[in-house]
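**Q** Before I ask anything, here is the structure I am working with.
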Amino acid sequence: MTAPIVIIGSGLAAWSTVRELRKLEALSSMALQPVTLICADSGDFYAKPTLSNALAQKRTPAQLVTTPAAKMSETQNVTLMANTSVHKIDTAAQMVQTSQGDVSYDRLVLALGASPIRVPVDGDASDVILSVNSISDFAAFHAKLDGSPKHVAIMGAGLIGCEFANDLVLGGHTVSVVDPAPRALAALIDESTSLELQSKLTPLGVTWHFGTTVQAARTHENRIHVLLADGEMIKADLILSAIGLRPNVQLAKDAGLTTDRGIVVSELLQTSDPAIFALGDCAQYGFVSGKIQVLPYVMPVMHASRALASTLLGKPQPVRFPAMPVRVKTPAHPITVASPV
Ligand SMILES: Cc1cc2nc3c(=O)[nH]c(=O)nc-3n(C[C@H](O)[C@H](O)[C@H](O)COP(=O)(O)OP(=O)(O)OC[C@H]3O[C@@H](n4cnc5c(N)ncnc54)[C@H](O)[C@@H]3O)c2cc1C
């Protein structure tokens, strides 16, 4: 029996690749390729961007799941190994070692995503700093918000930090945002647009602390005292870290694949091993000119998955990224930032 195409991950990159494969097979009346999808989480399908606008819409974590894993695997005809971690890739044997045993592959697709960057913070409350990069992270955050107004200190005034700030205030909470930069979204927009965004969010309950960082977080009478490098102190109930993501490269690196900031891929999304492909937040598109080659957004995933499906079905198709503007979900002052390519 031929080994399947094995996809590791169940985020947008993984499920979009499956969907595109099945679409192409149906269009060209091809036999279905066996596909096994292995993921450390439940495999439920949800749109990750909804995590940072769910509070305003009063949507619970369960309501964000658009298609449960069982339904996805049935409709897409894949063998799903949910709640299964891949520990090792054996490129010579074309096999992955997982928490549920070994799985052979014909081709392997790495859709491993990225992990929140953590910075050291002193104090006994530092281990309760949350970040939200998955629906289970959001469920934990949602549970801590507990349906009553809270004051949330957000580390990071980038895209995700600003989106959560806006969503939290619309959900009835107040927010303090801390960032070493001099203004909101400093890496993405010009100064006057930052100032407009800040001025729209301030009256809704957002306080800004620029040019400083969180140094310590200490529990004090059921609250958290967040101490900043400039000597200020914020009394908060929760701390959310939104200081960025780092592509998950370790599995690929340990297998001897070329990695840099992400898993380096060619235009065919092929890694340094011709049987292994990568896309989404874990990938580094080595062929894209300019310095930003990691593209942790929805549109690049959609383009990459379409091209990859064709390549996996024997019609090599280089990925082409058009202009891909990103909409910042700050309804107080909606902004679209230029394509990161
Ligand atoms: C709060 C938030 C809001 C966002 N909003 C927007 C937006 O408005 N517009 C936009 O363009 N982008 C947005 N993004 C970015 C976008 O959602 C991501 O780029 C995209 O969802 C990434 O998908 P992915 O499949 O590459 O990674 P992920 O969704 O992170 O999936 C990674 C998968 O890999 C699995 N995995 C990892 N390691 C292993 C292992 N060893 N074994 C088994 N499984 C493993 C994980 O369990 C997971 O299933 C947002 C991101 C966040 C966090």
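Computed from the coordinates by the stated procedures, all read-outs in this text should not be read as laboratory data. All values derive from a computational prediction rather than experimental measurement. Ideal geometry is used to build each Cβ from the backbone, glycine not excepted, and the neighbour counts take in all protein chains shown.
**Q** Return the percentage of antiparallel bridges among DSSP beta bridges fully within the chain, rounded to the nearest 5 %.
**A** Values: 28 of 61 bridges.
Antiparallel bridges: around 45 percent, rounded to the nearest 5.
**Q** Along region 327-338, what does the Karplus equation 6.51 cos²θ - 1.76 cosθ + 1.60 (θ = phi - 60°) give for ³J(HN,Hα), rounded to whole Hz, x for Gly and Pro?
**A** Residue by residue, region 327-338 yields 8, 8, 8, 10, x, 4, 7, x, 9, 10, 9, 4 Hz.
**Q** Give the long-range amide H neighbours of Ser115: residues separated by 5 or more places, or on another chain, with amide H under 5 Å away, using H modelled in the peptide plane at 1.01 Å from N.
**A** Residues meeting the criterion, in which the H sits 1.01 Å from N, are Arg246, Asn248.
**Q** Taking amide H positions as placed 1.01 Å from N in the peptide plane, with prolines and chain starts having none, which residues 5 or more places from Val177, or on another chain, fall under 5 Å of its amide H?
**A** Amide H to amide H, under 5 Å and 5 or more residues apart or across chains, Val177 pairs with Ile154, Thr207, Trp208, His209.
**Q** List every residue whose amide H lies under 5 Å from the amide H of Thr67, counting only residues 5 or more places away in sequence or on a different chain, with H placed 1.01 Å from N in the peptide plane.
**A** Phe45
**Q** Oh, and also: Please work out, to two decimal places, the log10 of the ratio I(q)/I(0) at q = 0.21, 0.26, 0.31 Å⁻¹ from a Debye calculation in which every Cα of region 189-238 carries one identical scatterer.
**A** Scattering profile of region 189-238, log10 relative to I(0): -0.83, -0.96, -1.07.
**Q** Whole-Hz Karplus ³J(HN,Hα) for region 94-106, in order, using 6.51 cos²θ - 1.76 cosθ + 1.60 and θ = phi - 60°, x for Gly and Pro?
**A** Values, residue by residue: 6, 8, 10, 9, 10, 5, 10, x, 7, 9, 7, 10, 8 Hz.
**Q** I've got another one for you. If you split all Cα-Cα distances of the chain into 10 Å bins from zero, what percentages do you get per bin, shortest first?
**A** Pairs per bin, as whole percents: 5, 24, 30, 24, 13, 3, 0.
**Q** Based on DSSP loop calls and a cut-off of at most 11 other Cβ atoms within 10 Å, the longest stretch of the chain free of exposed trypsin sites (Lys or Arg not before Pro) is what?
**A** Values: sites that count: Lys58, Lys291, Arg320.
Counting only loop sites that pass the neighbour cut-off, the longest clear stretch is 59-290.
**Q** For the chain, calculate the relative contact order in percent as a whole number, restricting contacts to Cα pairs under 8 Å that are 6 or more residues apart. Don't skip to the end; give the middle numbers.
**A** Working: 724 pairs, mean separation 62.6, N = 341.
Across the chain, relative contact order equals 18 percent.
**Q** Can you tell me which aspartates and glutamates have their Cα less than 15 Å from the Cα of Lys71? Leave out same-chain residues fewer than eight positions away.
**A** Output for Lys71: Asp44.
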